[in-house]
Amino acid sequence: MLEEFYKLHLRLRTNECNGEKMGLFIKLEIDRGKCVGLAKCGMCVKVCPVQIFGENGDQPLSIADNEDECTLCNLCIDSCEPDAITVCKLYD
């Protein structure tokens with residue numbers, strides 16, 4: 001029974017949303033049209049207490065394996081350009 005649970009968890013954990021890996025409970029989206037990049041801002045990487053953000057050249061990226069660590073503190077949302085980051089809870 002436990003083995004079946006782990007298989008289900010692994011299958012859910014590797015679900016994709018818009019072609020990207022996502023967490024089970026949190027989906028973080030970065031709007032590339034509104035984000036000004038790491039050189040001009042980069043606050044999401046600096047303020048996140050659980051290191052959800054990484055770097056891809058001058059662009060921040062969300063690390064899908066870390067998304068479920070999000071504490072919903074909104075530090076990234078409050079620190080970055082308006083509407084550049086959206087945090088979606090995948091549960092009620």
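Just to verify a result, which residue in the stretch 49-76, among those that are acidic (Asp, Glu), out of contact with any strand residue (DSSP E or B) (no Cβ under 7 Å at 6 or more places or on another chain) and more than 17 Å from Leu38 (Cα to Cα), is surrounded by the fewest Cβ atoms within 10 Å (Cβ to Cβ)?
Among those that are acidic (Asp, Glu), out of contact with any strand residue (DSSP E or B) (no Cβ under 7 Å at 6 or more places or on another chain) and more than 17 Å from Leu38 (Cα to Cα), it is Asp65.
If you go through the stretch 7-14 one residue at a time, do you hit one that is surrounded by 12 or more Cβ atoms within 10 Å (Cβ to Cβ), at pLDDT 90 or above and touching a Leu at 6+ places or on another chain (Cβ under 9 Å)?
Looking for residues that are surrounded by 12 or more Cβ atoms within 10 Å (Cβ to Cβ), at pLDDT 90 or above and touching a Leu at 6+ places or on another chain (Cβ under 9 Å), one finds none in the stretch 7-14, hence no.
Scan the stretch 28-41 residue by residue and report those that are in a loop (DSSP other than H, G, I, E, B) and of a type in the set (A, V, I, L, M, F, W, C).
Result: Cys35, Val36, Leu38, Ala39, Cys41.
Could you please find all residues in the stretch 36-46 being surrounded by fewer than 16 Cβ atoms within 10 Å (Cβ to Cβ) and free of Cβ contacts under 8 Å to residues at least 40 places away in the same chain?
Within the stretch 36-46, Gly37, Ala39, Lys40, Lys46 qualify.
Find all pairs meeting these conditions: Cβ atoms under 7 angstrom apart; at least six residues apart or on different chains; first residue within the stretch 61-85 and without any contact (Cβ under 8 Å) to a residue 40 or more places away in the chain; second residue of a type in the set (Gly, Ala, Ser).
Cβ pairs passing all conditions: Leu61/Gly54; Ile63/Gly54.
The values are calculated or read from the model by the stated rules, or taken from the named source; none is laboratory data. From a predicted model like this one, the values you see are computed outputs, not experimental measurements. Ideal geometry is used to build each Cβ from the backbone, glycine not excepted, and the neighbour counts take in all protein chains shown.
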